[in-house]
Amino acid sequence: MKAFFRSASPFRPSPFKMLVSYLILGFWAFLILFPLYWLFITAFKLPAAVNNGPFYIPFVDFQPSLHAWEYVLVEVGVDTRRMFINTVVVALSSATLALVIGSSAAYALTRFQFQPKLGTVVVFLLCVALAVILSVLGVPWQLAVAVAVALFVVSLFTIARRFKRALNNNDIAFWLISQRIMPPVAVVIPIYIVFQQLRLLDTWAALIITYVATNLPIVVWLMRDYFMSIPYELEESAQIDGASRFRIFAQIVLPLAKPGLVATFLFVLVFCWNEYLLSLFLTNANAQTMPQAVVAQNATRGPQWWYMSVLVLIMIAPVIGMAIALERYIARGLLVGAIKG
């Protein structure tokens, strides 16, 4: 009996500790997986089985039915397919563009030293705000942009030169991540007005541009830490052999950063896939996404859980499948910045 509580070695827990660990892990796995199980079986229930439940075991507590699937995929199948295609196109395009642009920016922040003058940054932001205000007031956006660019060029050689303080790479990275901290509801109205003036409301372009802009900070922040963990000596050796900076980035840095790229891509994909508030404001009918379908189903007819369960399963199945397929990369990518030195 003592052997049950005694460890065989310092690196192997006792059978008692292993049993307790497995019980705790099993209970935690049950808590995580049971909602998914409940969602799955609800999608195959009739309304009576949902309202008169709870019923847990198919063919024992209730008779499975494809009623909810027929309604979602056949009766309103056109709308469901359109929203699903919109979600796939917008989410994949946004995540890919954000990863390409953000990874390039993150690499630049780790390998080059930027020292933009504070005055230049302030003048640039003021000119951007001026262009937006002029567009809202009815000035054609082409003219508003031209006026803002002209004022920026003039101010760059006059007002901006008077400011001596400069920013560094850490300031730029912190400013980027601060944009992600800001809640989307604080900027959704200005974004709506801008796309209204550009006549891009209810289009894929509006969603893709907005999602890329909102997710760029997290891509830069995550990939910046990952690029910092890659030894710079490898790049120096390639430079000695005559490799260009672009070739080093494409053939040495990116292959080594593949786990971080995959993990970051999946993070951003999930954010784009599940985004609701911005898509609610920027779309009307043609470019609506799946989160709107779930909420609309609940709002129009009340909480019909059998229909909502089917829509949610359709939403989460592709992301879960992608996460399982990329699991070996994600496990390494999640350790971004965890081990240094």
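Of the residues examined, residue 296 is one that is more than 19 Å from the chain's Cα centre (by Cα), over 19 Å from residue 108 (Cβ atoms) and surrounded by fewer than 19 Cβ atoms within 10 Å (Cβ to Cβ).
Out of the residues in the range 307-330 that are small (Gly, Ala, Ser) and touching a residue at least 40 places away in the same chain (Cβ under 8 Å), which is surrounded by the most Cβ atoms within 10 Å (Cβ to Cβ)? That would be 309.
Of all positions in the range 98-110, at least one carries a residue that is part of a helix (DSSP H, G or I) and farther than 24 Å from residue 209 by Cβ. In this structure, is residue 119 small (Gly, Ala, Ser) and part of a helix (DSSP H, G or I)? Yes.
Just checking, does the range 71-84 include any residue being more than 30 Å from residue 311 (Cβ to Cβ) and modelled with pLDDT of 85 or more?
In the first step, residues of the range 71-84 are kept if they are more than 30 Å from residue 311 (Cβ to Cβ); the result is none.
No: the range 71-84 contains no residue that is more than 30 Å from residue 311 (Cβ to Cβ) and modelled with pLDDT of 85 or more.
Applying the criterion of being free of Cβ contacts under 8 Å to residues at least 60 places away in the same chain and within 15 Å of residue 101 (Cα to Cα) to the residues of the range 242-263, the residue that is surrounded by the most Cβ atoms within 10 Å (Cβ to Cβ) is 250.
This table checks each residue for (1) modelled with pLDDT under 85; (2) over 17 Å from the mean Cα position of the chain (by Cα).
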site	(1), (2)
246	no, yes
256	no, yes
268	no, no
271	no, no
275	no, no
304	yes, yes
316	no, no
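The values are calculated or read from the model by the stated rules, or taken from the named source; none is laboratory data. On a predicted model such as this, the values are computed, not experimentally measured, just so you know. Positions of Cβ are backbone-derived with ideal geometry, glycine not excepted, and every protein chain shown enters the neighbour counts.
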